[in-house]
Amino acid sequence: MTDEGPVVVAKRVDTGDSADLTEISELAGAAGYEVIATLSQSRKEDAAYHFGEGKVEELAALVTETGAQAIIVDNRLGPYQTYNIGGKLPEGVEVIDRFTLILEIFGQRANTRKAQLQVELAELRYELPRAEAKTSLAKRDERPGFMGLGEYDESREQDIKAQISRIKQELDAIADKEETRREQRRESGFDLVALAGYTNAGKSTLMRRLADDLDVGENEDLHPDLDPTAESEDRLFTTLGTTTRRADTGTRDVLLTDTVGFISDLPHWLVESFESTLDSVYHADLVLLVVDASEPIAEMREKLVTSHDTLYERNEAPIVTVLNKIDRVDDTELDAKRDALDALAPNPICVSGLTGENVEKLTDRIEAELPDWREERLLLPLSDEAMSLVSWLYDHGHVQEEEYTGEEVIVEFTARPAIVKRARAKAGDVRAAQEPSEAAATGSDPIESEPGVDGR
């Protein structure tokens, strides 16, 4: 992590509310800044400065006193508010609002082409209204070339719009490929489970706990698209892109995907910029919504609401709430939290990704909540092709019984409907391949016979 220098953190809340600077300080630390002072104000928003003008002057004095190189404001500042606050500060001191800071963190963590494109798209969408403000200020001859607004360029607005269009096209192409990949995985017999939730809830640690012992590299020929296991660190936004691993839940073949963590108070344009990453959640067969059970009830409630708001409009799958980090709370406290959050998190699973406590209950719940498999029975002529089909069923479904009777093999199994359909087609090919050889052996034409497939 780079050392971005000392900063003052500030926040305005509505009249009567109290300011909590914990999260913004953690975000500043995640970006590499050193928080050396904080300041808050409780009042209605000022159109010109966001804070009251007197509080901005107090902020400027604090910057001078501490030698801070920037101020980080835990609010969304308009372009003109940024301009006006910057005009009160010592020369060279940068004004960074909440969303600029989040984008900075995203930029530091973007290690894949998709993640880099999504960060660039979010930055451009954020910059567009500021480019419009610079145009307005320049026409008034107010030279908006400081405090983060940048130099005025008459063509910049059109450049931004053109870049946004280009990036969206590239992200759409990536999304199409990923949708094809998801369907191929389902056709191979995999159920898709997504880990969602607030950033730093322990999703990556839980994923490591659930991941199959089989290393992805050992499965490379079958699934070359699987990524390495997600990092597990106690810091915000460790996971920016998506990480997929095969998970061991029992009878089902499950692919588990970890994604970027949610965060409160995100504007619509920022969520939209990461729509491609969130598609892995929206189009999963099951979503595990992970919540840090060690946090106060009020914070847990707020983060559950944020998560549900993000998932509400587009999510297609059932949601199971997972209260993680129960190793940090006692049973009495955990019961109180479950009762208090019952409306938002009915029937949650309480686990510790760190210690493994109750993870078996979670895997049982995953299997119970996944879409139902179909039962099927195939009657096949005994042959090498039939044995290959039986082996394929073990890989793509759950074989319940395998019986050999003379020249035939009966196999009973459960699998996804798509796998059952493919198994029927493969069984037809096996019988078709056997009939000509039987006819040749007897010197007669092939005889019409029963289909040999008993669907239930």
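The values are calculated or read from the model by the stated rules, or taken from the named source; none is laboratory data. Note that the structure is a prediction, hence the values are computed from the model and not measured. Glycine also receives a Cβ, built like all others from the backbone with ideal geometry; neighbour counts cover every protein chain displayed. For the accessible areas, the whole protein counts, side chains as well, though only heavy atoms, and no ligand, DNA or RNA atoms are used. Shrake-Rupley method; radii C 1.70, N 1.55, O 1.52, S 1.80 Å.
At a glance:
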quantity: Qualifying position, being of a type outside the set (A, V, I, L, M), at pLDDT 95 or above and assigned to a helix (DSSP H, G or I), among K55, K134, K114; calculated: K55
quantity: Selection count, the stretch 358-392, where residues are more than 30 Å from L323 (Cα to Cα) and either surrounded by fewer than 14 Cβ atoms within 10 Å (Cβ to Cβ) or acidic (D, E) (or both); calculated: 7
quantity: Sole exception among (1) touching a Lys or Arg at 6+ places or on another chain (Cβ under 6 Å); (2) modelled with pLDDT under 85; (3) acidic (D, E) for E435, by number; calculated: (1)
quantity: Residue within the stretch 366-382 that is of a type in the set (K, R) and part of a strand (DSSP E or B) present; calculated: yes
quantity: Subset of the stretch 63-99 (residues that are surrounded by fewer than 20 Cβ atoms within 10 Å (Cβ to Cβ), free of Cβ contacts under 8 Å to residues at least 60 places away in the same chain and in a helix (DSSP H, G or I)); calculated: T64, E65, Y80, K88
quantity: Candidate set from the stretch 20-52 (those that are outside any helix (DSSP H, G or I) and touching a residue at least 40 places away in the same chain (Cβ under 8 Å)); member that is surrounded by the most Cβ atoms within 10 Å (Cβ to Cβ); calculated: F51
quantity: Residue list for the stretch 161-181, filter: in contact with a Leu (Cβ under 9 Å, 6 or more places away or on another chain) and open to solvent by 20 Å² or more (accessible area, probe 1.4 Å); calculated: K161, Q163, I164, K168, E170, I174
quantity: Meets criteria (closer than 17 Å to I85 by Cβ, open to solvent by less than 40 Å² (accessible area, probe 1.4 Å), β-branched (V, I, T) and out of contact with any Asp or Glu (no Cβ under 9 Å at 6 or more places or on another chain)) for V8; calculated: yes
quantity: Enumerated helices (runs of 4 or more DSSP H) restricted to the stretch 231-342, each holding at least 1 residues that are modelled with pLDDT of 90 or more; calculated: 297-312, 331-340
quantity: Check on T355, hydroxyl-bearing (S, T, Y) and open to solvent by less than 40 Å² (accessible area, probe 1.4 Å); calculated: no
quantity: Any hit, the stretch 292-311, residues being open to solvent by less than 40 Å² (accessible area, probe 1.4 Å) and touching a Pro at 6+ places or on another chain (Cβ under 8 Å); calculated: no
quantity: Output for the stretch 438-456, where each listed residue is closer than 20 Å to S388 by Cβ and either of a type in the set (A, V, I, L, M, F, W, C) or at pLDDT 75 or above (or both); calculated: V453
